[in-house]
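One structure below.
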Amino acid sequence: MAYLLRFLLLVMVLGISLTTSVALGWLDVGFGHIQLAIPTFMFVIFIQAFVMFYFIGVARLVENVWNALNSEANLSELFDEPPADLEPYMKKVARYVHESQLSKRQTIPWTMLMLVLGTIAFLLGGAHDTGLVAKVVHSGVAYGFLASMLIGFGRQWYYLGKSHLLLREMKSLFGMSHDAM
């Protein structure tokens, strides 16, 4: 899943780069930047929601494993035969909980900032097109969106890799299939 999300993030950055290049007059592709911005921003919304729910899902899975270990009533969900000493498992899963929460905390605020600034830039673009706001207002918010997108892209790329490895490690620890979530 992390590889798919990374690919979609690359497509998102390429789409925004194309739209920005057309808006600045660097490229001419036969469409105006307005016609490119509509599907591109819809894709940004889609991929950012997808990425956000991936991190929420990873954190929730790790929390469920943590809760199953702590309750000791649901150990059959994790083990065929529960071991007598759960301490090594508890120690590793506590680290997984911390890492998954960290990944979520480091990516979701950037996702939300991208969505908010992108939406405002999109709406201000329409307002500029109808003459309600100056071009500098739309451009300023669009540049803010671009900056948040590039920072968010870097963080999401990094933490997608870390979360992917965390899931593989945790699934190996409990003998789960790597295809299961």
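The values are calculated or read from the model by the stated rules, or taken from the named source; none is laboratory data. If you're wondering where the values come from, they're calculated on a predicted model, not measured in any experiment. So basically every Cβ, Gly included, is an ideal-geometry build from the backbone, and we count neighbours across all protein chains shown. For accessibility, only protein heavy atoms count, side chains too; no ligands or nucleic acids. Shrake-Rupley method; radii C 1.70, N 1.55, O 1.52, S 1.80 Å.
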Report summary line: Between the modelled labels at D129 and S172 (7 Å from Cα along Cα→Cβ) the distance in nm is 5.1 nm
Query raised in the report: If E169, E81, E87 are ordered by their accessible area, calculated over protein heavy atoms with a 1.4 Å probe, which sequence runs from highest to lowest?
Result: E81, E87, E169
Report summary line: Counting only protein heavy atoms and rolling a 1.4 Å probe, one gets per residue an accessible area for the chain in Å² of 56 Å²
Report task. Would you mind calculating the gained length between I120 and R60 on full extension (0.36 nm times residue separation, minus the Cα-Cα distance), in nm to one decimal? Result -> 18.5 nm
Requested in this report: Would you give the gap between the C-alpha center of the stretch 33-112 and the C-alpha center of the stretch 3-30, rounded to a whole Å?
Outcome: 29 Å
Query raised in the report: For the stretch 1-81, what is the convex hull volume of the alpha-carbon atoms per residue, in Å³?
Result: 93 Å³
Query raised in the report: When N counts the residues of the stretch 42-125, how does its alpha-carbon radius of gyration compare numerically with 2.2 N^0.38 Å, as a ratio?
Result: 1.54
Query raised in the report: Got a number for the accessible area of W157? Probe 1.4 Å, square angstrom, nearest 10.
Result: 80 Å²
Query - Burial order of peptide ranges 160-167, 73-80 (average beta-carbon count within 10 Å, highest first) - result: 160-167, 73-80
Query raised in the report: Among all the lysines, which ones have a C-alpha under 27 Å from K92's C-alpha, if same-chain residues fewer than 8 places away are not counted?
Result: K104, K162, K171
**Report entry** Mean projected area in nm² (Cα convex hull; one quarter of hull surface) for the chain
**Finding:** 11.7 nm²
